[in-house]
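Q: Handing you a structure now.
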Amino acid sequence: WKILDAQYHGVPQERLRLIMVALLDPKRPFSWPKPSGKVSLADILDPFNAATDMPLRMPKGDRPKKLMSNACKGAVAAGVDPKKVPVAIDIDCSERYSTYGINIAKTLTRTRGGSGGPWISSRGRRSSVNEMLKMQGFDPLEVPWKAAGLSKPQIGQLLGNAVPVPMIGKVLAEAMYSAGVVATKPV
């Protein structure tokens, strides 16, 4: 077993997951995948839309506004302009449990996904479904959630329960090699 953090395996999300691998009669030793580098939140955001996006726009409600304000102050204190660099803010939690990530999302939970995802400071809006899909490593073109009859809250909840695709894909590739199912060692 090992705890892996998705942010080091191709997604812009801090997401710690305990992964266990059990192999019956392995043919080769199992190796945990090496970190493949980070992806920034800015890299996966939808293109800026001047008609709908308004950097630093505040969410509705007193608590969400305060959570955003605190997160943006934290970003500025870290030397980051939250108007230009995306700060992903959980605007649905209490102040006690407030979280935000600078150019990275914190764990996309079932609840956070169902609420519409984190608020993005540089867009002045919640995450889009495409952005939440990319936060988990899915290709939005390969997930026909609308055709399946899912709403944004439903797909958000499913994404919050998902394991990041690149991370689990690497683990499964190593396990298949170890078990002798495939002959070529994963890269």
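The values are calculated or read from the model by the stated rules, or taken from the named source; none is laboratory data. Every value quoted in this text rests on a predicted model; they were computed, and no experiment measured them. Please note: Cβ atoms are built from the backbone with ideal geometry, for glycine as well, and neighbour counts cover all protein chains shown. The protein model used for the area step is the full one, side chains on, heavy atoms only, and it has no ligands, DNA or RNA in it. Shrake-Rupley method; radii C 1.70, N 1.55, O 1.52, S 1.80 Å.
Q: Quick one: of Lys66/Lys134; Lys38/Lys134; Lys83/Lys106; Lys65/Lys134; Lys34/Lys84; Lys60/Lys146, which pairs are farther than 21 Å apart, Cα to Cα?
A: Working: Lys66/Lys134 27 Å; Lys38/Lys134 13 Å; Lys83/Lys106 19 Å; Lys65/Lys134 26 Å; Lys34/Lys84 31 Å; Lys60/Lys146 26 Å.
Flagged as over cut-off: Lys66/Lys134; Lys65/Lys134; Lys34/Lys84; Lys60/Lys146.
Q: While we're here: For n ≥ 4 DSSP H runs only, could you compute -39500 (n - 2.57) per run for the chain, divide by its residues and tell me the 222 nm figure to the nearest 500?
A: -9000 deg cm²/dmol
Q: Taking all protein chains as present, what is the carbon and sulfur share of the accessible area of region 14-162, in % to the nearest whole number, probe 1.4 Å?
A: 56
Q: In addition: Just the ratio, please: alpha-carbon radius of gyration of region 51-137 over 2.2 N^0.38 Å, N its number of residues.
A: Ratio of Rg to 2.2 N^0.38 Å for region 51-137: 0.98.
Q: What trypsin sites (Lys or Arg not before Pro) in region 40-69 are in a loop by DSSP, with at most 15 other Cβ atoms within 10 Å of the Cβ?
A: The qualifying sites are Arg57, Lys60.
Q: Then there's this: Does anyone have the angle between helix 152-161 and the longest principal axis of the chain? Alpha-carbon axes, 0 to 90°, nearest 10?
A: Between helix and principal axis, roughly 40 degrees.
Q: Related question: Compute a Gaussian network model of the chain, connecting alpha carbons closer than 10 Å, and tell me which residue from Pro64, Pro140, Pro166 fluctuates the most.
A: Largest GNM mean-square fluctuation: Pro140.
Q: State, to one decimal in nm, how far the label point of Ile3 lies from the label point of Val163, with both points 7 Å from Cα in the Cβ direction.
A: Between Ile3 and Val163, the label points sit 1.7 nm apart.
Q: Which value in nm describes the separation of the simple spin-label points at Ser69 and Gln154, placed 7 Å from the Cα toward the beta carbon?
A: Modelled inter-label distance: 3.8 nm.
Q: If ligands, DNA and RNA are left out, what is the accessible area of Thr99 with a 1.4 Å probe, given in Å² to the nearest 10?
A: About 40 Å², ignoring ligands and nucleic acids.
Q: Taking the simple approach of a point 7 Å from Cα along Cα-to-Cβ for both Leu24 and Met54, what is their distance in nm?
A: Taking the two extended label points, one gets 6.1 nm.
Q: Taking the convex hull of the alpha carbon atoms in region 1-159, what volume per residue do you get, in Å³?
A: For region 1-159, the hull spanned by Cα atoms encloses 147 Å³ per residue.
Q: Region 115-140 to region 71-100: how many Å between their Cα centroids?
A: 15
Q: Count the DSSP beta bridges whose two residues both fall in region 1-151, then state the antiparallel fraction as a percent rounded to the nearest 5.
A: Among the beta bridges of region 1-151, antiparallel pairing accounts for roughly 85 percent.
Q: So, one more: As an exercise, use a Förster radius of 30 Å and the Cβ-Cβ distance of Ser36 and Glu142 to find the FRET efficiency, rounded to the nearest 0.05.
A: So the FRET efficiency works out to roughly 0.90.
Q: Got a sec? What order do Glu174, Glu95, Glu142 fall in by accessible area at 1.4 Å, biggest, i.e. largest, first?
A: Glu142, Glu95, Glu174
Q: Report the percentage of all Cα-Cα pairs in region 84-185 whose separation exceeds 20 Å, rounded to a whole percent.
A: Details: 2344 of 5151 pairs.
Tail fraction, whole percent: 46.
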